[in-house]
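Some notes on the structure that comes next.
The values are calculated or read from the model by the stated rules, or taken from the named source; none is laboratory data. Note that this is a predicted model, so its numbers are computed, not measured. Here the Cβ positions follow ideal geometry from the backbone for every residue, glycine too, while neighbour counts run over all protein chains shown.
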Amino acid sequence: MAKRHHVVITGTGRCGTTFLVELLTHLGLETGFTIDQLGQRKHVIARAGLEFDVRKSNAPYIAKHPRFSDYAAEVLASPDIAIDHVFIPIRDLSAAAESRRQVTRASFAALPLLRKIKRIFTKREFAGGVWTSTSLRVGDQERLLLDQIYRLTLALADAHVPVTLLRYPRLVHDSDYLFEKLAPALGEVDPLRFRETFDRVARPELVHSFSADDQWKQAPMV
């Protein structure tokens, strides 16, 4: 049986991965979503979602999954799956963690009283919120995200798979930068079409900055 080929978008989350799926969908690439489905499949508070697990037979060619690090070694060693490229947006660690804490707080605050009480006892994660823990203490989520990225890097180091790192929030502001970074997955998409689509889809005004290293300033023209 022929291998299933995939491009994977992953990372710590809260670093533009959902935006990348939206952009690539608008460009007509195979993400598993139509343009009309994008708004319906995102969580309202987290503004996130649009995920697929490449281990599932229904996964599209381009699949976003922040939890890829949990099973990357398994997939990379699989005789049935070929990973053509991995794109990893990277954000300042403390900012990525604080963004997850903020989503958890906002999601909890939006719950009706009875569901808040239930959440306290079930300790389920919120979409886009803190991972693997309910702790909102500074430092806890940072350690978990760092471990996630390290395990992902270790698995990729053992494989012969092209990897591209993208800096967030620059990727939401700089279309030329993003075009060059995404070029291995863009096929016949030309720079002009990419820039026009980027300008329609990108929402840099929605980006929250949590630290000095969580900002992007365009270099002055010379």
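Figures for the structure shown
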item	result
Hits in the range 131-157 (condition: exposed (fewer than 13 other Cβ atoms within 10 Å of the Cβ), of a type in the set (A, V, I, L, M) and within 21 Å of Ala73 (Cα to Cα))	Leu154, Ala157
Residue among Thr104, Thr12 that is more than 14 Å from the chain's Cα centre (by Cα), crowded, with 19+ Cβ neighbours inside 10 Å and either at pLDDT below 95 or charged (D, E, K, R) (or both)	Thr104
Among residues of the range 76-108, those that are within 21 Å of Leu144 (Cβ to Cβ), out of contact with any Phe, Trp or Tyr (no Cβ under 6 Å at 6 or more places or on another chain), in contact (Cβ under 8 Å) with a residue 24 or more places away in the chain and part of a helix (DSSP H, G or I), counted	11
Residues of the range 27-40 satisfying the condition of being crowded, with 16+ Cβ neighbours inside 10 Å and over 21 Å from Ser69 (Cα atoms)	Leu27, Leu29, Phe33, Leu38
Hits in the range 37-63 (condition: basic (Lys, Arg) and either part of a loop (DSSP other than H, G, I, E, B) or in contact with a Leu (Cβ under 6 Å, 6 or more places away or on another chain) (or both))	Arg41, Arg47, Arg55, Lys56
Residues located in the range 204-214, provided they are free of Cβ contacts under 8 Å to residues at least 60 places away in the same chain and exposed (fewer than 11 other Cβ atoms within 10 Å of the Cβ)	Glu205, Ala212
Checklist (1) within 23 Å of Ser209 (Cα to Cα); (2) modelled with pLDDT under 95; (3) part of a helix (DSSP H, G or I) applied to Leu114, failing item	(1)
Yes/no for Ala2 being without any contact (Cβ under 8 Å) to a residue 24 or more places away in the chain and outside any helix (DSSP H, G or I)	yes
Some residue of the range 14-26 being in contact (Cβ under 8 Å) with a residue 40 or more places away in the chain, out of contact with any helix residue (DSSP H, G or I) (no Cβ under 9 Å at 6 or more places or on another chain) and farther than 30 Å from Leu111 by Cα	no
Failed item in (1) out of contact with any helix residue (DSSP H, G or I) (no Cβ under 8 Å at 6 or more places or on another chain); (2) within 25 Å of Arg41 (Cβ to Cβ); (3) free of Cβ contacts under 8 Å to residues at least 40 places away in the same chain, with Leu111 passing the rest	(1)
Some residue of the range 52-66 being farther than 30 Å from Phe108 by Cα, among the basic types (Lys, Arg) and surrounded by 15 or more Cβ atoms within 10 Å (Cβ to Cβ)	yes
Number of the condition not met by Ala73 [criteria: (1) closer than 17 Å to Leu186 by Cα; (2) hydrophobic (A, V, I, L, M, F, W, C); (3) part of a helix (DSSP H, G or I)]	(1)
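Conditions (1) in contact with a strand residue (DSSP E or B) (Cβ under 6 Å, 6 or more places away or on another chain); (2) at positive phi; (3) in a helix (DSSP H, G or I), marked per residue:
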residue: Leu166; (1), (2), (3): yes, no, no
residue: Tyr177; (1), (2), (3): no, no, yes
residue: Lys181; (1), (2), (3): yes, no, yes
residue: Val189; (1), (2), (3): no, no, no
residue: Arg195; (1), (2), (3): no, no, yes
residue: Asp199; (1), (2), (3): no, no, yes
residue: Glu205; (1), (2), (3): no, no, yes
residue: His208; (1), (2), (3): no, no, no
residue: Gln218; (1), (2), (3): no, no, no
